[in-house]
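Here the structure is laid out as structure tokens; the discussion comes afterwards.
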Amino acid sequence: MRALKTILLIMAGVLLSGCGYNTIQVQDEQVTSAWSEVVNQYQRRADLIPNLVNTVKGFAAQEQAVLVGVTEARAKATQVTVDPSNPASLQQFQAAQGELSSALSRLMVVVERYPELKSDQNFRDLQAQLEGTENRITVARNRYIQAVQDFNVTVRKFPTNLTAMVFGYDVKPNFTVENEAAIAKPPTVDFGTAAPAPGVPAPAATPGTPAPEPAPATN
């Protein structure tokens, strides 16, 4: 009887391996691991922000609106409870992190107006750490995107899709392009001469230069 159970277990293992069950398990763990790294890098950025804000405040306390904006965006980003398997939750997380990125960009624009702040060693160290973290976030996001893509392909293609259905595995949501509508909109290119602003007189003719002939009347 024990030998029969052993044989059945071996046969079950072979069948599950052949139908992609083990592949699904491996890729599911890879997605989980990649997501943990994404969260870890975003948290690292959030941990740097308080010191960055305090350093900027020491040189540019009058930039209150920008400093408050960064602080509030950080608070919002760290309060989002995300479930990466829920598309709405992942989108909310991405939006909150995008707002924080925008707030940090505005802060760095303000910094350009304060040369003494830019030369402060503490600020330069924090800025270098922040830039390094942004690069790590990009790498972590790309790895997560690839891991989700691999998993989704596996659970959708035949015959592993049958195994996925039996064990309740479905495609996972992925990161989307930020500002997709703005990216899709083609840029406006104008090589013409800009018209003078309303209320601004046209430049006077140079002495000795004949006045332009009036345009012919049209019917």
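The values are calculated or read from the model by the stated rules, or taken from the named source; none is laboratory data. Bear in mind the structure is a predicted one, so any value in this text is a computation, not a measurement. Counting neighbours? That spans all protein chains shown, and the Cβs are built from the backbone with ideal geometry, glycine included. Just so you know, the surface numbers come from the protein's heavy atoms only, side chains and all, with ligands and any DNA or RNA stripped out. Shrake-Rupley method; radii C 1.70, N 1.55, O 1.52, S 1.80 Å.
A few comments on the model shown:
- Taking (1) of a type outside the set (Asp, Glu); (2) more than 26 Å from Gln41 (Cα to Cα); (3) at pLDDT 95 or above in turn, Ile137 satisfies each apart from (2).
- Failed criterion for Thr163 (all others in (1) exposed (fewer than 14 other Cβ atoms within 10 Å of the Cβ); (2) at pLDDT below 95 hold): (1)
- Test: Lys172 is basic (Lys, Arg), at pLDDT 95 or above and closer than 25 Å to Cys19 by Cβ: yes
- Every residue from the range 116-160 that is open to solvent by 50 Å² or more (accessible area, probe 1.4 Å), among the basic types (Lys, Arg) and assigned to a helix (DSSP H, G or I): Lys118, Arg124, Arg136, Arg143, Arg156
- Within the range 59-72, if we keep just the residues that are in a helix (DSSP H, G or I), in contact (Cβ under 8 Å) with a residue 24 or more places away in the chain and of a type in the set (A, V, I, L, M, F, W, C), the residue that is surrounded by the most Cβ atoms within 10 Å (Cβ to Cβ) turns out to be Val70.
- Filtered residue count, the range 28-58, keeping only those that are surrounded by fewer than 16 Cβ atoms within 10 Å (Cβ to Cβ) and over 21 Å from Asn142 (Cβ atoms): 6
- Filtered residues of the range 73-115 (kept if more than 20 Å from Arg44 (Cα to Cα), exposed (fewer than 14 other Cβ atoms within 10 Å of the Cβ) and free of Cβ contacts under 8 Å to residues at least 12 places away in the same chain): Ala88, Val109, Glu112, Pro115
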